[in-house]
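Notes to accompany the following structure.
The values are calculated or read from the model by the stated rules, or taken from the named source; none is laboratory data. Please read all numbers here as calculations on a predicted model, not as lab measurements. Neighbour counts run over all protein chains shown; Cβ positions are idealised from the backbone, glycine included.
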Amino acid sequence: MSIRILVVDDEPDFIETMVKRFTFRKMPVTAAPSGIAALKLLEAESFDVVIMDVRMPGKDGIETLKEIKKRYPLTEVIMLTGHASVESGMRGMSLGAYDYVLKPVDFDELLEKVRKAHERKLLNEGRNASR
Amino acid sequence: MKDETPRADPTAAAGEPAAAPAGKARPLWPHLIGLPGLTAVAVLSAMVLPIPLAVILALFIASLAAWSAAALASRIRASEQQRCSLDAQLVQSQKLAAIGEMSAGIAHEINNPMAIIAQESDWMTHLMAAPQITPENMAELRDSLAEIVRQVDRCKAITHNLLNFSRKMEPILQQEHLEKIMEDMVLLVEKEAKLQGVTIGRDYDPDLAPIETDVPLLRQVVLNLLLNAFQAIPGQGEITVSTRPVGANRVAIAVADTGVGILPENMSKLFNPFFTTKPPGVGTGLGLSMCHGIVDRLGGAITVESEEGKGSRFTVTLPR
């Protein structure tokens, strides 16, 4: 089963590499340049795992995460950050992020995290369905 | 919230045996003064008395010493049991406090719409008491009714959110290496720590098999403990993170720092919500109580050892 991934980052280079690498592994991936664009995309279709940069102009990663978790609690979000801020990490994790990872990330490790996040989503869905 | 099914947690708190009834404080002097005194007598008597008699005396005193050791050991065991049960009581009272706080919040949230509903229905009763209902009154009645419906919806949204909240509270168990769970959080703190001269040492057990736990929840705990450790170190210092197996079916993670340590009188309040020693604005006093809550839900336990001026060590034990 394929994992529907949404990558959110304001840096075009980063998005380009990400899309290339996921596509190379035959994993469907969609990209959004901002938090607002991501929310718009999420309205139209559902994603399993969102990979999102923390620092973005406009709606930042934390704000977008909050919004995503409010509207689609089952969607898992992996936060990426270029600069280590413990405070925003605490906020991100307590808002329900699956992980909070310092850039640069090893792609294979990120892939593993995406798989784990997806597994969590499936477990969560299974539980909600059994209610 | 009745459908909240307990998952994987009762083993932890219920694991400790019930406290032995608090024994009367028996005197310690027979062990501390009596026995050494008798031993001295035996040594002295060996110099004066004939050997067979001295041997008998020595054997007698040796058996007394054995009895004394056994008595002391059982007293230590009893007091440890008592401490465990006090810990359990503390957890229980914290739970009650949290429930109290939450219900106050809920009551407040629901009271507002209730007040509006009461007011509107009062007005409606008043309007309908008139012998004839004019078209104006009819319009007002409709307005009031619409308002009541709106407020009921508001209440519904509150209870709906509460249900979601309780659902979210249930851990989702996944297989993962402890080291992997911790490392992202360690990296996050490490960069900031390094700038202030705090190094982070890793002491992961390489042979530890993956455990089954709620990964993001545990990450929150780790991050919180790391942040506390970092903030406890005023200048340069070191934080050490470690993982260890504990017996056959538990594991432990520890976060140790070389910081200021915890005052003995604060040890018992450490996990209380809103308790903080940090200046206002820096800490909310919710970090450790949140950690405690999460670890509890994961079926584990959190303990702390600390020496003032030397540092603290928080240990989280979890089921595998």
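Condition check ((1) within 26 Å of B:E192 (Cα to Cα); (2) in a loop (DSSP other than H, G, I, E, B); (3) touching a residue at least 60 places away in the same chain (Cβ under 8 Å)) across all residues:
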residue: B:T240; (1), (2), (3): yes, no, no
residue: B:T243; (1), (2), (3): yes, no, yes
residue: B:I253; (1), (2), (3): yes, no, yes
residue: B:I262; (1), (2), (3): yes, yes, no
residue: B:N272; (1), (2), (3): no, yes, yes
residue: B:T276; (1), (2), (3): yes, yes, no
residue: B:L288; (1), (2), (3): yes, no, yes
residue: B:C291; (1), (2), (3): yes, no, yes
residue: B:T317; (1), (2), (3): no, no, yes
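For B:P131, work out the one condition from (1) away from chain A (no Cβ under 14 Å); (2) surrounded by 12 or more Cβ atoms within 10 Å (Cβ to Cβ); (3) modelled with pLDDT under 95 it doesn't fulfil.
Among (1) away from chain A (no Cβ under 14 Å); (2) surrounded by 12 or more Cβ atoms within 10 Å (Cβ to Cβ); (3) modelled with pLDDT under 95, B:P131 violates only (2).
Of the residues that sit in the stretch A:87-131 and are over 15 Å from the mean Cα position of the chain (by Cα) and of a type in the set (D, E, K, R), which one is nearest to B:N228 (Cα to Cα)? Break it down into steps so the answer makes sense when it comes.
Kept after step one, since they are over 15 Å from the mean Cα position of the chain (by Cα), are these residues of the stretch A:87-131: A:87-88, A:90-91, A:94, A:104, A:106, A:108, A:122-131.
Filter once more, keeping what is of a type in the set (D, E, K, R): A:87, A:91, A:106, A:108, A:125, A:127, A:131.
Details: A:E87: 12, A:R91: 15, A:D106: 28, A:D108: 31, A:E125: 34, A:R127: 34, A:R131: 38 Å.
Looking at residues that are over 15 Å from the mean Cα position of the chain (by Cα) and of a type in the set (D, E, K, R), I get A:E87.
Applying the selection to the stretch B:44-61, what residues are surrounded by 12 or more Cβ atoms within 10 Å (Cβ to Cβ), of a type in the set (A, V, I, L, M) and either in contact with a Phe, Trp or Tyr (Cβ under 9 Å, 6 or more places away or on another chain) or in a helix (DSSP H, G or I) (or both)?
B:A46, B:L53, B:A54, B:V55, B:L57, B:A58, B:I61
Keeping to the stretch B:210-238, report how many residues are under 11 Å from B:E176 (Cβ atoms) and in a loop (DSSP other than H, G, I, E, B).
2
Of the conditions (1) exposed (fewer than 13 other Cβ atoms within 10 Å of the Cβ); (2) assigned to a loop (DSSP other than H, G, I, E, B), A:I3 satisfies every one except a single condition; which number is it?
Every condition holds for A:I3 apart from (1).
So in the stretch A:99-121, with the set limited to residues that are of a type outside the set (D, E), in a helix (DSSP H, G or I) and facing chain B (nearest Cβ under 10 Å), which one is surrounded by the most Cβ atoms within 10 Å (Cβ to Cβ)?
Across the stretch A:99-121, the extreme among qualifying residues is A:A117.
Mind checking whether some residue in the stretch A:48-64 is facing chain B (nearest Cβ under 10 Å), within 14 Å of the chain's Cα centre (by Cα), crowded, with 22+ Cβ neighbours inside 10 Å and part of a loop (DSSP other than H, G, I, E, B)?
Within the stretch A:48-64, none of the residues are facing chain B (nearest Cβ under 10 Å), within 14 Å of the chain's Cα centre (by Cα), crowded, with 22+ Cβ neighbours inside 10 Å and part of a loop (DSSP other than H, G, I, E, B).
Quick check on this structure: which one of A:G96, A:G126, A:G89 is closer than 25 Å to B:M290 by Cβ and assigned to a helix (DSSP H, G or I)?
Only one candidate qualifies: A:G89.
Which residues, taken from the stretch B:206-251, are under 19 Å from A:K113 (Cβ atoms) and among the basic types (K, R)?
Answer for the stretch B:206-251, where residues must be under 19 Å from A:K113 (Cβ atoms) and among the basic types (K, R): just B:R219.
B:Q220 versus (1) touching a strand residue (DSSP E or B) at 6+ places or on another chain (Cβ under 8 Å); (2) surrounded by 16 or more Cβ atoms within 10 Å (Cβ to Cβ): which is the lone unmet condition?
(1)
For the stretch A:76-94, enumerate the residues that are more than 10 Å from every other protein chain (Cβ to nearest Cβ) and surrounded by fewer than 21 Cβ atoms within 10 Å (Cβ to Cβ).
Matches in the stretch A:76-94: A:G82, A:R91.
Quick one: would you say A:T23 is crowded, with 23+ Cβ neighbours inside 10 Å and farther than 18 Å from B:D184 by Cα?
For A:T23, the condition - crowded, with 23+ Cβ neighbours inside 10 Å and farther than 18 Å from B:D184 by Cα - is not met.
Give the residues of the stretch B:194-216 that are more than 9 Å from chain A (Cβ to nearest Cβ) and of a type in the set (A, V, I, L, M), sorted by residue number.
B:L195, B:V198, B:I200, B:L208, B:A209, B:I211
Tell me, please, whether a residue that is crowded, with 18+ Cβ neighbours inside 10 Å and either under 16 Å from the mean Cα position of the chain (by Cα) or closer than 22 Å to A:T81 by Cα (or both) can be found in the stretch B:235-250.
For the stretch B:235-250, residues crowded, with 18+ Cβ neighbours inside 10 Å and either under 16 Å from the mean Cα position of the chain (by Cα) or closer than 22 Å to A:T81 by Cα (or both): absent.
Cβ-Cβ under 6 Å, sequence separation 6+ or interchain: first residue in the stretch A:79-100 and more than 13 Å from B:V221 (Cα to Cα), partner of a type in the set (G, A, S) and outside any helix (DSSP H, G or I). Which pairs?
From the stretch A:79-100, the pairs are A:M79/A:A97.
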